[in-house]
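Engineer: Below you'll find the structure I mean.
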Amino acid sequence: MYKNLQPISKTTDKNMAIKEIKDFSYAKEQISAPITVAEFYEACKDFPIVFAKDASGTWMATAMLGFQDKTNLFIDENGAWEKQRYIPAHIRRYPFIYVNGENDQLTLGVDGEYKSEAKEDEARKLFDKDGNNSEFLNGVLGFLNQFHSDALATATFIKQLEDWELLEEKVANIVTPEGKNYTINGFYVVNEEKLKHLSKKKKDDIYSKNVTPLITAHLISLSNIQKIGSK
């Protein structure tokens, strides 16, 4: 989604604002989106939630938004997100994102295409006349901080599933109404049979960590795999 990612600086961006984003065209090629455990209960109603590892080996949860290359099934030709469907926070945080800076410190970045000095965008200025964070920017930081915290909790949750030996790699076959077949691979799900036959110690551990509802939401979501094939 980010075509021209730039760090935000009080020095270089002191007069900058951010253009209003009027639709979701920027995400029309996203066939998946990272989601956090805080989103499971809403996301499971609309999307398959599966697990995967990123390039660094960190576990993440992903909402499947499509199965054909560069085709987000939930965004129409006008850039509108399908009504009554959950919009992942990963999509909503755009054009902002945290990036790893020096010493792995998080730095706020933005897609440079949305920087503006136009008067019509002043309500979304990054800094006030004294160089302090604007109310708009503080709102952005609050959202990103919560997302980052939830993402860490999500990685911990999935690593725990791995430690409990509950994850299995799966392949999904999707058949469209036209009879075309698509194969999706490289993702993990909870093995229900293993879940049923856990030792008492592991069951007690799951119960104590209060993650049963998250596992249930994930398993419920898997019924959406065939549903997205019929969109």
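The values are calculated or read from the model by the stated rules, or taken from the named source; none is laboratory data. The structure displayed is predicted, hence computed values, not measured ones. Cβ: placed from backbone, ideal geometry, glycine included. Neighbour counts: every protein chain shown.
Engineer: Name every residue in the range 21-36 that is over 22 Å from Lys53 (Cβ atoms), in contact with a strand residue (DSSP E or B) (Cβ under 9 Å, 6 or more places away or on another chain), part of a loop (DSSP other than H, G, I, E, B) and not acidic (Asp, Glu), in order of residue number.
Structural biologist: Phe24, Lys28
Engineer: Are there any pairs with C-beta distances below 8 angstrom linking a residue in the range 165-189 that is without any contact (Cβ under 8 Å) to a residue 24 or more places away in the chain to a residue that is of a type in the set (Gly, Ala, Ser), with the two at least 6 apart or on different chains, and if so which?
Structural biologist: If the second residue must be of a type in the set (Gly, Ala, Ser), the pairs left are Glu169/Gly186; Thr183/Ala172; Asn185/Ala172.
Engineer: Ala55 - would you say it is within 17 Å of the chain's Cα centre (by Cα) and in a loop (DSSP other than H, G, I, E, B)?
Structural biologist: Working: within 17 Å of the chain's Cα centre (by Cα): yes; in a loop (DSSP other than H, G, I, E, B): yes.
The answer is yes for Ala55.
Engineer: Determine whether Phe147 is more than 26 Å from Thr36 (Cα to Cα), out of contact with any Asp or Glu (no Cβ under 6 Å at 6 or more places or on another chain), aromatic (Phe, Trp, Tyr) and touching a residue at least 24 places away in the same chain (Cβ under 8 Å).
Structural biologist: no
Engineer: Can I ask one more? Determine whether Ser134 is modelled with pLDDT of 95 or more, in contact with an Asp or Glu (Cβ under 8 Å, 6 or more places away or on another chain) and of a type in the set (Ser, Thr, Tyr).
Structural biologist: Working: modelled with pLDDT of 95 or more: yes; in contact with an Asp or Glu (Cβ under 8 Å, 6 or more places away or on another chain): yes; of a type in the set (Ser, Thr, Tyr): yes.
Considered against the rule, which asks whether it is modelled with pLDDT of 95 or more, in contact with an Asp or Glu (Cβ under 8 Å, 6 or more places away or on another chain) and of a type in the set (Ser, Thr, Tyr), Ser134 comes out as yes.
Engineer: If only one of Glu39, Glu113 is buried (at least 18 other Cβ atoms within 10 Å of the Cβ) and part of a helix (DSSP H, G or I), which one is it? I'd like the intermediate steps shown before the answer.
Structural biologist: Numbers: Glu113 fails: buried (at least 18 other Cβ atoms within 10 Å of the Cβ).
None of the others qualify; the one that does is Glu39.
Engineer: Could you tell me whether the range 130-148 includes any residue that is closer than 30 Å to Gly229 by Cβ and surrounded by fewer than 17 Cβ atoms within 10 Å (Cβ to Cβ)?
Structural biologist: If we filter the range 130-148 for residues that are closer than 30 Å to Gly229 by Cβ, which is where we start, we get 147.
With the extra rule that they be surrounded by fewer than 17 Cβ atoms within 10 Å (Cβ to Cβ), the set shrinks to none.
So far as the range 130-148 goes, no, none of its residues is closer than 30 Å to Gly229 by Cβ and surrounded by fewer than 17 Cβ atoms within 10 Å (Cβ to Cβ).
For (1) surrounded by 10 or more Cβ atoms within 10 Å (Cβ to Cβ); (2) part of a strand (DSSP E or B); (3) at pLDDT below 95, each residue gets a yes or a no:
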{"site": "Ala172", "(1), (2), (3)": "yes, yes, yes"}
{"site": "Gly179", "(1), (2), (3)": "no, no, yes"}
{"site": "Leu195", "(1), (2), (3)": "yes, no, no"}
{"site": "Leu214", "(1), (2), (3)": "yes, no, no"}
{"site": "Ala217", "(1), (2), (3)": "yes, no, no"}
